[in-house]
1. Which one is farthest from the ligand (Cβ to nearest atom) among residues in segment 141-165 that are out of contact with any Asp or Glu (no Cβ under 8 Å at 6 or more places or on another chain) and outside any helix (DSSP H, G or I)?
2. Can you find, within segment 1-11, the residue that is nearest to the ligand (Cβ to nearest atom) among those that are in contact with a helix residue (DSSP H, G or I) (Cβ under 9 Å, 6 or more places away or on another chain) and among the hydroxyl-bearing types (Ser, Thr, Tyr)?
3. Would you confirm, using the coordinates I've provided, whether residue 174 is acidic (Asp, Glu), within 16 Å of the ligand (Cβ to nearest atom), part of a helix (DSSP H, G or I) and without any contact (Cβ under 8 Å) to a residue 60 or more places away in the chain?
4. Would you point out the residue of segment 47-64, among those that are open to solvent by 50 Å² or more (accessible area, probe 1.4 Å) and not acidic (Asp, Glu), that is farthest from residue 5 (Cα to Cα)?
5. What are the residue pairs meeting all of these: first residue in segment 78-102, first residue closer than 20 Å to residue 198 by Cβ, second residue polar (S, T, N, Q) and within 14 Å of the ligand (Cβ to nearest atom), Cβ atoms under 8 Å, and 6 or more apart or on different chains?
6. Hey, which of the helices (runs of 4 or more DSSP H) in segment 179-262, taking only ones fully inside, have at least 2 residues that are among the β-branched types (Val, Ile, Thr)?
7. Could you give every pair whose Cβ atoms fall below 6 Å, whose first residue belongs to segment 55-75 and is closer than 14 Å to residue 143 by Cα, and whose second residue is open to solvent by 10 Å² or more (accessible area, probe 1.4 Å), counting only separations of at least 6 or pairs across chains?
8. Mind listing just one residue for me: the one in segment 47-60 that is of a type in the set (A, V, I, L, M, F, W, C) and touching a helix residue (DSSP H, G or I) at 6+ places or on another chain (Cβ under 9 Å) and, of those, farthest from the ligand (Cβ to nearest atom)?
Amino acid sequence: DQDATNYRTIRVEVEDAAGTITICRPKALNAVNTLAMEEIVHAARALDKRPDVKALIITGEGPKYFAAGADIKEMADQTYDEAYHKRFMEGWTGLAAVRKPIIAAVNGYALGGGCEVAMMADIIIASENAVFGQPEVNLGVIPGMGGTQRLIRAVGKSKAMDIILCDVRLTAFEAQASGLVSRVVYTDQLMAEARSMAARIASLSALAVAKAKDCINRAYEVPLSEGLRYEQREFWSAFATEDQKEGMHAFLNKRNPSFKDR
Ligand code: CO8
């Protein structure tokens with residue numbers, strides 16, 4: 001099994017209940033190659049298992065690039081059968097299995113695969129200098145890690161078409177106005193904001209947080225009636241937890257709750 005210190009394309013730190021994965025490929029502007037994908041998914045799974053970690057943060061090294069895409073050097077000479085047989089980039093689906101909230105802290109360019117990695121997270125916060133785009137068609141390909149599917153759900157069809165077909169790039173504030181991004185902060189405040197978001201999440205019942213994340217993401221997958229039914233069952237089952245009793249009695253007794261994640 002891989003040791004955190006052996007990662008070659010990422011750095012992993014745990015601080016105050018937040019597990020941060022930083023993409024570190026400066027020569028490629030943090031573009032993600034197959035190894036980076038494997039390491040990010042491996043690290044995310046390991047952080048998901050750690051009881052002291054309550055939320056994950058994914059970001060890019062340095063002030064300018066979250067990730068400039070998938071690695072074009074790795075892909076340039078790849079053939080169809082190679083991509084097909086090795087299931088190129090399929091491993092990203094592993095991130096969807098993470099139960100804890102994943103915060104993308106987008107520092108600068110999030111292009112192509114970089115934008116897609118951000119969209120695999122549960123919440124995107126961006127620094128003022130962030131730029132979002134899906135320029136794959138310029139390279140004779142299309143988004144391949146969820147861009148055509150997740151972007152339309154975030155910004156709607158017309159804007160998704162414009163971004164993907166015309167290489168329109170969104171600034172941080174445009175991305176926020178379109179619903180892709182939740183918060184925009186000063187560039188030097190980005191990680192503090194991400195950590196404070198993680199700390200807020202860490203103060204809650206991890207069971208309730210996981211239920212809420214699961215139900216929200218369920219809305220992508222099923223029709224409304226099924227989603228509502230799913231939510232209702234998850235809501236009812238919350239009454240089986242000690243944290244529900246603690247949360248409601250703390251409110252009634254005008255004190256802060258102390259959740260035990262059970
Ligand atoms: N991959 C590999 N290397 C890259 C990438 C990349 N995506 N982006 C930049 N680099 C490298 C450059 O080649 C250059 O290397 P070198 O120093 O050896 O010449 C170095 O990084 C610096 O790049 P620039 O000189 O271009 O830096 P600038 O600051 O002038 O520009 C930009 C920054 C605007 C980010 C610019 O580099 C750029 O446009 N990059 C490409 C963005 C792009 O097209 N991204 C999409 C890639 S395709 C993709 O993501 C497919 C996703 C789906 C895959 C799923 C497969 C199943």
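1. That would be 156.
2. 9
3. Details: acidic (Asp, Glu): yes; within 16 Å of the ligand (Cβ to nearest atom): no; part of a helix (DSSP H, G or I): yes; without any contact (Cβ under 8 Å) to a residue 60 or more places away in the chain: yes.
Answer is no for this residue.
4. My answer is 64.
5. Nothing qualifies.
6. Here the list reads 206-218.
7. Pairs found: 68/29; 68/109; 68/111; 69/111; 71/28; 71/33.
8. Residues of segment 47-60 of a type in the set (A, V, I, L, M, F, W, C): 47, 53, 55-58.
Applying the additional criterion that residues be touching a helix residue (DSSP H, G or I) at 6+ places or on another chain (Cβ under 9 Å) yields 53, 55-58.
Numbers: 53: 28, 55: 26, 56: 22, 57: 21, 58: 16 Å.
Filtering segment 47-60 for residues that are of a type in the set (A, V, I, L, M, F, W, C) and touching a helix residue (DSSP H, G or I) at 6+ places or on another chain (Cβ under 9 Å), the one farthest from the ligand (Cβ to nearest atom) comes out as 53.
The values are calculated or read from the model by the stated rules, or taken from the named source; none is laboratory data. Being a predicted model, the structure only gives us computed values, none of them experimental. Virtual Cβ from ideal backbone geometry, glycine too; neighbours counted across all protein chains shown. Areas reflect the complete protein model, heavy atoms only, side chains present, ligands, DNA and RNA absent. Shrake-Rupley method; radii C 1.70, N 1.55, O 1.52, S 1.80 Å.
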